[in-house]
Amino acid sequence: MIEVGIDKIGFYTSNYYLDVVDLAKARNVDPNKYLIGIGQKKQAVINPTQDAVTMAANASINFLTEQDKQDIKMIIFGTETGVDNSKSAAVYLQNLLGINKSSKAFEIKQACYGATAGLQIACDYVRLHPDDKVLVVGSDIARYGIKTPGEITQGGGAVSMLVTANPEIIAINETSTFYSEDIMDFWRPIYSRNALVDGHYSNEIYLQFFQKTYHEYLQQTGKKIDDFAALLFHLPFTKMGIKGLKSILDEDSDEYKRLLEHFENARNFNANVGNLYTGSLYLSFLSLIANDHGLKTGDLIGFFSYGSGAQGEFFSGNIKNIDNDKYRLPIENMLSKRKKLSVAEYEKIYEITLPNDNSDFEFDISDDKARFVLTGRKNGHLVYEEQSDRML
Ligand code: CAA
């Protein structure tokens, strides 16, 4: 049977970050609560000249060839922080990237699960149409209120994946197990830029959905824990993955210690960027293939995707080719070039946004070196610009 999965992958986050130790001091919290208890080091602060569309375009531009753009028949945009309540971010993305117009472009919303829904739809589509390619992105800005418990779990960025037959990176297996239920653990009302959350309840539901889908997966496939080289998690904050591992394994067991070692590689990038919502699980995958030197071709990787509200899905894939540096170097380079903000600067940027009416507005884009930027709004239209001379 034909193998289908992720052939290319890219990541983008903005050029500002906040050090969580500075945030802890400003909020009168012991820094170890954020560093160890939450498991974060740095948090991306999204430049006002970036939104879900520009971040997705910036994540895609460096790996798409002209041939890919012709072969793409579907663009699936997973986001819970989209730019319009009607028009999909995928259509803006198609235009910015110059993708073949004979394609289907649409957006998927189910909290942090959207990109996984997109990936599964893409794999099914390519299984039926093996000559076609599908672009799947997860792009979001994670925002809570200033001085709320959720503040430490903010972040943002985009992961973009090209799904094809005979993929270069990982083949996704057909079986997956899923569960959904109407639950109020985290949501964002239509009037609000910030998410509302019942934090501890959301952790509990996340773990319940993980255990349910994971055990069902083992039952359906006959696989055992030692068949997995690594388990990956949706990471709203990186401690969540540790909670996931502990929920199925004894901390003293060899299996826990083995999987924890791989998870340390898989949480490296996430600890330095924060929550990406839809992109988080796939940033963790990137972190694994970039930083884990123990992986080899054929290794089985388990993925747990969670979207509050709530949807969980467990699936797996087999690693095809390993080239750590190819993924590690560009991301380390991007992260190392970011500018550190003070808490006061972060709080100021947090407030900057397009006016909440249809008026014209122009952002100062001088501090944003990304290839694609949002320059403002004119005549009710969002204005995106490609700065071709200012490569990432
Ligand atoms: N040193 C080390 N650890 C410390 C510490 C210290 N000085 N002080 C506290 N800690 C530990 C605590 O023991 C706790 O550890 P455990 O979770 O292992 O028990 C951890 O730090 C966090 O402490 P609290 O539980 O007291 O933290 P909190 O009440 O301030 O809130 C939170 C934590 C609920 C995660 C909050 O940040 C939040 O609401 N975040 C947003 C919601 C969220 O991310 N939910 C995740 C599941 S939902 C989802 O996944 C979808 C999504 O993307 C949002």
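Checking the conditions here, which among Leu207, Leu218, Leu235, Leu231 is free of Cβ contacts under 8 Å to residues at least 40 places away in the same chain and buried (at least 16 other Cβ atoms within 10 Å of the Cβ)?
Step by step, each of Leu207, Leu218, Leu235, Leu231 is checked, and only Leu218 is free of Cβ contacts under 8 Å to residues at least 40 places away in the same chain and buried (at least 16 other Cβ atoms within 10 Å of the Cβ).
What's the number of the condition Asp198 fails, among (1) farther than 23 Å from Ile38 by Cβ; (2) at pLDDT 95 or above; (3) more than 20 Å from the chain's Cα centre (by Cα)?
Failing condition for Asp198: (1).
Regarding Ala117, is this residue open to solvent by less than 30 Å² (accessible area, probe 1.4 Å), under 17 Å from Ser280 (Cα atoms) and in contact with a Pro (Cβ under 8 Å, 6 or more places away or on another chain)?
No.
Just to check your reading of the model, which residue among Met334, Met391 is at pLDDT below 95, open to solvent by 30 Å² or more (accessible area, probe 1.4 Å) and either within 16 Å of the ligand (Cβ to nearest atom) or aliphatic (A, V, I, L, M) (or both)?
Met391
Quick check on my filter: what residues within the range 275-313 are more than 10 Å from the chain's Cα centre (by Cα) and either within 16 Å of the ligand (Cβ to nearest atom) or under 14 Å from Gly155 (Cβ atoms) (or both)?
Residues satisfying the conditions are Ser287, Phe303, Phe304, Ser305, Tyr306, Gly307, Ser308, Gly309, Ala310, Gln311, Gly312, Glu313.
Specify which of the listed residues (Gln50, Gln43) is open to solvent by less than 10 Å² (accessible area, probe 1.4 Å) and within 16 Å of the ligand (Cβ to nearest atom).
One residue alone meets the criteria, Gln43.
How about the range 297-317: which of its residues are in contact (Cβ under 8 Å) with a residue 60 or more places away in the chain, part of a loop (DSSP other than H, G, I, E, B) and not hydrophobic (A, V, I, L, M, F, W, C)?
Answer for the range 297-317, where residues must be in contact (Cβ under 8 Å) with a residue 60 or more places away in the chain, part of a loop (DSSP other than H, G, I, E, B) and not hydrophobic (A, V, I, L, M, F, W, C): Asp299, Ser308, Gly309.
Applying the selection to the range 359-379, what residues are of a type outside the set (D, E, K, R) and assigned to a loop (DSSP other than H, G, I, E, B)? Steps first, please.
Within the range 359-379, the first condition is being of a type outside the set (D, E, K, R), and the residues that meet it are 359, 361, 363, 365-366, 370, 372-376, 379.
Within the range 359-379, Ser359, Phe363, Ile365, Ser366, Ala370, Asn379 qualify.
The values are calculated or read from the model by the stated rules, or taken from the named source; none is laboratory data. None of the values given here were measured: they were computed from a predicted structure. With ideal geometry, Cβ positions are generated from the backbone for all residues, glycine too; neighbour counts draw on all protein chains shown. Keep in mind that these areas ignore ligands, DNA and RNA; they rest on the heavy atoms of the full protein, side chains included. Shrake-Rupley method; radii C 1.70, N 1.55, O 1.52, S 1.80 Å.
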